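Scroll down for the structure; my scribbles are underneath it.
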Amino acid sequence: MPEQVEDEVIVDRGEIDEVADRDRIRVLAGATETAASFQFDGEDHTLGNALRYVIMKNPDVEFCGYSIPHPSENKMNLRIQTYDGVNVYTVLEKGLNDLMDICDVVEEKFTVARDEHFADKMQT
Amino acid sequence: MPVPTPEEVERRKKLQVWEETVSDQASTDFPGHWPGENHEWNLEHFKKTFRVQFHPDGNDLLFAKQHHDLPTTRHLDLVFSLIGLDASITNAFRRIMIAEVPTLAIEDVFIYQNTSIIQDEVLAHRLGLIPLCGDRSTIKTLEWYIKPTEGEANPTEATDKNCIMLHLQVKCEWKKGGLEKAAKGETDPDELYVNHSVYARDLFWTPLGEQEEWKTAEMIRAVHPDILIAKMRPGQEIVLRMHAYKGIGQDHAKFSPVSTASYRLLPVIDILRPIVGADAKKFARCFPPGVVGYDKVTSEDTRKYPELVGKEGETKAVVVDPMKDTVSRECLRHAEFKDKVKLGRIRDHFIFRVESTGQWDSDELFLQSVKLLKIKAQRIKRGLDELTK
């Protein structure tokens, strides 16, 4: 019996729900300390590719890739393999942290550049 | 640990465009790609190298030309560059802007009367696609409305917190003396009938509950008053009520806050050997206006390139503004330029163009997309913490 497919679009509605967040992540069969596939519900290329990039920037990572197993299933798989002894969970967590850092820097620099641009425009 | 020279770094950022093919498309800034070099993620380095650059937007003209109901101080069409970011991250921002930034759009239509020739479902669909605008700080406070599924125990109700109610009530009638005019052969509907065309400007907002207080701010209305919704003839009538909710583009395109959010890579044109005289003119014509300009051949040039001896003072082609180039590759079709020029693009220079539909400003949309990507990562991290607990 196939597991029930959740078709609805998963939107962040502002409230924090740890249980719902946990249920969106699965570790696929065959995982070890240094190699695991994660499955995320309601994610797509947006997060998949961005996360793949930051994780690949980690020198402890031997391999990182993502896939959307089926286009009509709202799921994203992420595979991480690390070099000897490094835990995949810490690698994934570092990837998420780095991605958030990128967002902070982009937001800050964009705001500064925008304010300058609009101020210049007002003068002319 | 070897560190690449600045020239080498610049060279690696270039993607080459040949006559029929491209090369060096993929980024190579990963640990292990260049032997011995360190390409580990480094926040300080990123802070130093990442830049945002706004471009004077001739596109605001496009916005000014449209007939809309918005103040000219709004920024609905912005062009800016993100420099020093990988395509995967940039693409995430673009995708979020299109599909995940929430907006307000008509979702439910309750039709009381529709005797026009446009069918109920077609009319409802047209209404849904009309971009709405209003006071942004209050739209922002709007809560989510989750459509109740059948048999749900505690269905969400449409309230003043999550719903905007609009009405449309139009009846087409003969103009005074219209019948006589028609008998005389007049066919212009403007002369014969009143309300024969229903426009987006006819939608009116009915504030609910606490929304009464919003009325001091901007009214909720259609961005473009001239959108034609339906046509009618005397005796036909449309009376309906609409509920607009907050939603995202992933659910339905009507919720997408942008008409286009796209990026392109900055083109580069490298002139390898000088192009002079009549050829220079021909070369400049291979590009859109303003990309290639002219300069005089200097004595330094003649020293550098032996084929220029005796040609001092003649015109030579120089690249003025590669950003205007479309990389049409026209210059590569001419044998005389083939070996003299190299085309390419900068892999980490993204020229964004964000055109909003009118509900939000383009800069707000981009900042929203950055915030939403962070929220996505945060939620995964929360779930992961729970999982590994």
Filtered residues of the stretch A:44-102 (kept if among the hydroxyl-bearing types (Ser, Thr, Tyr), within 17 Å of A:LEU28 (Cβ to Cβ) and in contact with a Ser or Thr (Cβ under 9 Å, 6 or more places away or on another chain)):
A:THR82, A:TYR89
A:LEU99 being hydrophobic (A, V, I, L, M, F, W, C), under 15 Å from the mean Cα position of the chain (by Cα) and assigned to a helix (DSSP H, G or I)
yes
Go through the residues of the stretch B:248-259 one by one and say whether even a single one is under 23 Å from the mean Cα position of the chain (by Cα) and under 30 Å from B:ARG333 (Cα atoms).
no
Looking at the stretch B:308-316, can you tell me whether even one residue there is at pLDDT below 95, part of a helix (DSSP H, G or I) and not assigned by the TED database to the domain that holds B:SER137?
yes
On the given criteria, is A:PHE110 surrounded by fewer than 18 Cβ atoms within 10 Å (Cβ to Cβ) and either in contact (Cβ under 8 Å) with a residue 40 or more places away in the chain or not β-branched (Val, Ile, Thr) (or both)?
no
Given the condition within 17 Å of B:PRO289 (Cα to Cα) and part of a strand (DSSP E or B), answer yes or no: does some residue in the stretch B:321-341 qualify?
no
Name the residue that is farthest from the other protein chains (Cβ to nearest Cβ), counting only residues in the stretch B:364-389 that are open to solvent by less than 10 Å² (accessible area, probe 1.4 Å) and closer than 29 Å to B:VAL223 by Cβ.
B:LEU365
Given the criteria open to solvent by less than 40 Å² (accessible area, probe 1.4 Å), part of a loop (DSSP other than H, G, I, E, B) and either closer than 27 Å to B:LEU76 by Cα or touching a Lys or Arg at 6+ places or on another chain (Cβ under 9 Å) (or both), does B:PHE283 qualify?
no
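Here's the yes/no breakdown for (1) over 30 Å from B:GLN236 (Cα atoms); (2) of a type outside the set (Asp, Glu); (3) open to solvent by 20 Å² or more (accessible area, probe 1.4 Å):
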| site | (1), (2), (3) |
| --- | --- |
| B:THR49 | yes, yes, yes |
| B:ARG74 | yes, yes, no |
| B:PHE93 | yes, yes, no |
| B:GLN119 | no, yes, yes |
Do we find that B:TRP18 is over 19 Å from A:CYS103 (Cβ atoms) and aromatic (Phe, Trp, Tyr) in this structure?
yes
Of all residues in the stretch B:135-156, how many are at pLDDT 85 or above and either of a type in the set (Asp, Glu) or touching a Cys at 6+ places or on another chain (Cβ under 7 Å) (or both)?
3
In the stretch B:168-197, how many residues are within 24 Å of B:ASP108 (Cβ to Cβ), out of contact with any Leu (no Cβ under 7 Å at 6 or more places or on another chain) and of a type outside the set (Lys, Arg)?
2
Specify which of the listed residues (B:GLU44, B:GLU107) is open to solvent by 30 Å² or more (accessible area, probe 1.4 Å), in the same structural domain as B:VAL198 (by the TED database) and modelled with pLDDT of 95 or more.
B:GLU107
Quick check: is even one residue across the stretch B:9-24 closer than 29 Å to B:PRO322 by Cα and at the interface with chain A (Cβ under 8 Å from one of its Cβ atoms)?
no
Grab the strands (runs of 3 or more DSSP E) fully contained in the stretch A:17-88, keeping just those with 1 or more residues being within 12 Å of the chain's Cα centre (by Cα), at the interface with chain B (Cβ under 10 Å from one of its Cβ atoms) and aliphatic (A, V, I, L, M).
A:25-27, A:75-82
Please find, within the stretch B:125-136, the residue that is surrounded by the fewest Cβ atoms within 10 Å (Cβ to Cβ) out of those that are of a type outside the set (A, V, I, L, M, F, W, C), in contact with an Asp or Glu (Cβ under 9 Å, 6 or more places away or on another chain) and closer than 15 Å to B:SER356 by Cβ.
B:ARG136
Mind listing whichever residues of the stretch A:77-99 are more than 14 Å from A:ALA36 (Cα to Cα) and open to solvent by less than 20 Å² (accessible area, probe 1.4 Å)?
A:GLY95, A:LEU96, A:ASP98, A:LEU99
Look at B:VAL3 and say whether it is of a type in the set (Val, Ile, Thr) and either touching a residue at least 40 places away in the same chain (Cβ under 8 Å) or closer than 27 Å to B:ILE269 by Cβ (or both).
no
Taking the stated definitions as given, is B:ASP301 open to solvent by less than 70 Å² (accessible area, probe 1.4 Å), within 22 Å of the chain's Cα centre (by Cα) and not assigned by the TED database to the domain that holds B:PHE204?
no
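The values are calculated or read from the model by the stated rules, or taken from the named source; none is laboratory data. Quick caveat: nothing in here was measured; it's all calculated off a predicted structure. All Cβ positions, glycine included, derive from the backbone under ideal geometry; neighbour counts span all protein chains shown. Each accessible area value is taken on the protein alone, full model and side chains, heavy atoms only, with ligands, DNA and RNA left out. Shrake-Rupley method; radii C 1.70, N 1.55, O 1.52, S 1.80 Å.
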